[in-house]
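The values are calculated or read from the model by the stated rules, or taken from the named source; none is laboratory data. This one's a predicted model, so the numbers in the text were calculated from it and none came from an experiment. So basically every Cβ, Gly included, is an ideal-geometry build from the backbone, and we count neighbours across all protein chains shown.
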Amino acid sequence: MRYITPRKAAQGLGSARSGTQDHWFLTVTSCALVLLTPAFFLVIGRAIGLSQADLLGYFGRPYPALITALFIVVGMMHFIKGTRIMIDDYFQNTARKVAIIVSVVFGWAVIAAALFALARMTLVPLAI
């Protein structure tokens with residue numbers, strides 16, 4: 001006995017209608033993070049021990065700023081989707097809604113704060 005209709009099987013949609021999309025999203029972001037994580041560690045490793053002026057100049061260059069921004073955005077989007085799936089599995093009713101709201105707001109707040117900090121570090125040397 002099949003629980004999935006032929007149409008849903010052809011479209012790749014399960015009973016929740018988004019499981020396949022969620023799986024592919026997490027797979028793609030995981031692969032991106034496999035490439036971005038070593039690059040991010042190299043960027044941060046080179047920034048350790050720099051003075052404030054040197055640090056602002058370092059993150060004012062495109063490569064360190066771009067790698068850091070991509071790592072934060074892709075990582076937090078992966079976090080948001082992953083926690084949403086986990087919350088759907090383990091929480092119920094109002095606790096589920098509250099937990100989803102908290103995790104999504106936290107994820108976007110981290111993205112906004114990181115991008116604001118990078119933009120500020122990039123633009124500060126121009127203002128001096």
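Here is a yes/no grid of residues against (1) at pLDDT 65 or above; (2) of a type in the set (V, I, T); (3) surrounded by 11 or more Cβ atoms within 10 Å (Cβ to Cβ); (4) within 26 Å of M76 (Cβ to Cβ):
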position: R7; (1), (2), (3), (4): no, no, no, no
position: G19; (1), (2), (3), (4): yes, no, yes, yes
position: V28; (1), (2), (3), (4): yes, yes, yes, yes
position: L50; (1), (2), (3), (4): yes, no, yes, yes
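Looking only at the range 82-95, filter to residues that are of a type in the set (D, E, K, R) and surrounded by 14 or more Cβ atoms within 10 Å (Cβ to Cβ); which one of those is modelled with the lowest pLDDT?
Start the filter on the range 82-95 by keeping residues that are of a type in the set (D, E, K, R), which leaves 84, 88-89.
Then keep just the ones that are surrounded by 14 or more Cβ atoms within 10 Å (Cβ to Cβ); that gives 84, 88.
Values: R84: 90, D88: 85.
Of everything passing the filter in the range 82-95, D88 is modelled with the lowest pLDDT.
Looking at the range 82-96, I want the residues that are of a type in the set (V, I, T) and have a partner that is surrounded by fewer than 12 Cβ atoms within 10 Å (Cβ to Cβ) and modelled with pLDDT of 85 or more with Cβ atoms under 9 Å, at least 6 apart or on another chain. Which pairs are those?
Listed by first residue and then by second, the contacts come to I87/A95.
Does I85 fit the bill of being outside any loop (DSSP other than H, G, I, E, B) and within 24 Å of G19 (Cα to Cα)? Spell out the reasoning first.
Details: outside any loop (DSSP other than H, G, I, E, B): yes; within 24 Å of G19 (Cα to Cα): yes.
Against the criterion (outside any loop (DSSP other than H, G, I, E, B) and within 24 Å of G19 (Cα to Cα)), I85 qualifies.
Restrict the check to the range 96-108 and report whether at least one residue is in a helix (DSSP H, G or I), of a type outside the set (A, V, I, L, M, F, W, C), under 15 Å from the mean Cα position of the chain (by Cα) and surrounded by 12 or more Cβ atoms within 10 Å (Cβ to Cβ).
yes
In this structure, is V74 assigned to a helix (DSSP H, G or I), modelled with pLDDT of 95 or more, surrounded by 12 or more Cβ atoms within 10 Å (Cβ to Cβ) and in contact with a helix residue (DSSP H, G or I) (Cβ under 9 Å, 6 or more places away or on another chain)?
yes
Tell me yes or no: at least one residue of the range 57-67 is without any contact (Cβ under 8 Å) to a residue 60 or more places away in the chain and touching a Pro at 6+ places or on another chain (Cβ under 9 Å).
Our first condition is that a residue be without any contact (Cβ under 8 Å) to a residue 60 or more places away in the chain; within the range 57-67, this holds for 58, 61-67.
The next check asks that each one be touching a Pro at 6+ places or on another chain (Cβ under 9 Å); those that pass are 58.
Yes, the range 57-67 contains at least one residue that is without any contact (Cβ under 8 Å) to a residue 60 or more places away in the chain and touching a Pro at 6+ places or on another chain (Cβ under 9 Å).
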